[in-house]
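Student: Got a structure for you, written out below as structure tokens; questions coming shortly.
The values are calculated or read from the model by the stated rules, or taken from the named source; none is laboratory data. Predicted model, so just to flag it, every value in this text is computed and none were measured. Methodologically, a virtual Cβ is constructed for each residue, glycine included, from the backbone with ideal geometry; neighbour enumeration extends over all protein chains shown.
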Amino acid sequence: MLTYIYLKDIEDFTILTVKCNKIKGFAMNTFVPTRDDALNLLKKYNQKKGLIRHALAVEAVMGHFAGLFNEDEEKWRVIGLVHDLDYEMFPGEHCQKCVDLFKEHNWPGDYIRAVISHGFGICTDVKPETNLEKTLYAIDELTGLVASAALVRPSKSILDIKAKSVKKKFKDKSFAAKIDRNVIKEGASLLDMELSELITQVISGMRPVAEKIGLKGSL
Ligand SMILES: [Fe+2]
Ligand SMILES: [Fe+2]
């Protein structure tokens with residue numbers, strides 16, 4: 001009986017130690033990536049101008065929505081900036097390879113989860129749950145549609161585009177056909193937002209970086 005108690009105590013102690021180590025391990029990862037960290041990481045794995053511009057557009061829109069939802073703007077921007085981290089080098093492992101890359105650089109788990117959830121139903125089964133994740137999911141493809149719609153305007157600018165003309169392009173499935181309208185619709189419903197409102201806010205989010213993302217046009 002005494003032996004039993006002794007062993008049981010050891011077992012409890014072991015369980016406790018493992019738990020404490022896990023907590024310690026978790027507590028030790030206090031790294032909070034800044035925008036500079038995000039930009040450096042993005043440029044380490046991405047060189048293509050189009051992908052960098054897309055990352056900057058998504059960053060800007062995420063920052064805009066963080067403001068609308070009164071959330072942590074820097075965190076939202078950082079995640080927007082790196083959301084396609086693995087796409088250029090590992091397109092066949094999109095939203096999967098990035099997990100290793102982020103872990104290598106000690107990025108926090110909630111940032112990694114947010115990034116991979118934008119591939120929900122396409123390349124991951126991680127469903128967007130938080131406001132941040134739902135927003136990223138909803139606006140990623142839409143920034144592409146808004147950019148394509150701006151580029152066919154006489155001004156080639158995002159500065160004078162209206163939500164109404166983007167909505168027209170949304171309905172025209174032969175226009176920018178690769179952009180998945182269902183993801184955008186699903187994203188709007190996750191956010192409980194009308195499509196027109198979502199488009200309006202995405203345009204507003206992209207405008208301040210029009211020049212950086214090549215959409216200032218002649219204006
Ligand atoms: Fe992606
Ligand atoms: Fe993307």
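Student: Among the residues of segment 117-137 satisfying the criterion of being among the hydrophobic types (A, V, I, L, M, F, W, C) and away from ligand 2 (no atom under 12 Å from the Cβ), which is surrounded by the most Cβ atoms within 10 Å (Cβ to Cβ)? Before you say what the answer is, go through the steps one by one.
Tutor: Filtering segment 117-137 down to residues among the hydrophobic types (A, V, I, L, M, F, W, C) leaves 120, 122-123, 126, 132, 136.
Checking which are away from ligand 2 (no atom under 12 Å from the Cβ) leaves us with 120, 126, 132.
Details: Phe120: 21, Val126: 18, Leu132: 24.
Of everything passing the filter in segment 117-137, Leu132 is surrounded by the most Cβ atoms within 10 Å (Cβ to Cβ).
Student: Here is a follow-up. Considering only residues that are within 13 Å of ligand 1 (Cβ to nearest atom) and among the charged types (D, E, K, R), look in segment 75-129 and name the one that is nearest to the chain's Cα centre (by Cα).
Tutor: Filtering segment 75-129 for residues that are within 13 Å of ligand 1 (Cβ to nearest atom) and among the charged types (D, E, K, R), the one nearest to the chain's Cα centre (by Cα) comes out as Asp84.
Residues checked against (1) assigned to a helix (DSSP H, G or I); (2) more than 20 Å from the chain's Cα centre (by Cα); (3) not hydroxyl-bearing (Ser, Thr, Tyr):
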position	(1), (2), (3)
Lys168	yes, yes, yes
Ala176	no, yes, yes
Glu186	yes, no, yes
Ile199	yes, no, yes
Ser204	yes, no, no
Glu211	no, yes, yes
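Student: Within segment 145-162, count every residue that is buried (at least 19 other Cβ atoms within 10 Å of the Cβ) and either touching a helix residue (DSSP H, G or I) at 6+ places or on another chain (Cβ under 8 Å) or not hydrophobic (A, V, I, L, M, F, W, C) (or both). Before the answer, list the steps.
Tutor: The first filter runs over segment 145-162 and keeps only residues buried (at least 19 other Cβ atoms within 10 Å of the Cβ), leaving 145-147, 149-150, 158, 161.
From the residues that got through so far, the ones that are either touching a helix residue (DSSP H, G or I) at 6+ places or on another chain (Cβ under 8 Å) or not hydrophobic (A, V, I, L, M, F, W, C) (or both) too are 145-147, 149, 158, 161.
Looking only at that region, the number is 6.
Student: Among the residues of segment 51-65, write down those that are more than 15 Å from Pro33 (Cβ to Cβ) and either in contact with a Ser or Thr (Cβ under 8 Å, 6 or more places away or on another chain) or within 13 Å of ligand 1 (Cβ to nearest atom) (or both).
Tutor: Leu51, His54, Ala57, Val58, Val61, His64, Phe65
Student: Could you give every pair whose Cβ atoms fall below 6 Å, whose first residue belongs to segment 137-158 and is closer than 17 Å to Glu186 by Cα, and whose second residue is among the acidic types (Asp, Glu), counting only separations of at least 6 or pairs across chains?
Tutor: Pairs found: Glu141/Asp180.
Student: Say whether the condition of being more than 12 Å from ligand 2 (Cβ to nearest atom), in the same structural domain as Ile199 (by TED's automatic domain parsing) and more than 23 Å from Glu194 (Cα to Cα) is met by at least one residue in segment 143-152.
Tutor: Yes, there is a match, as at least one residue in segment 143-152 is more than 12 Å from ligand 2 (Cβ to nearest atom), in the same structural domain as Ile199 (by TED's automatic domain parsing) and more than 23 Å from Glu194 (Cα to Cα).
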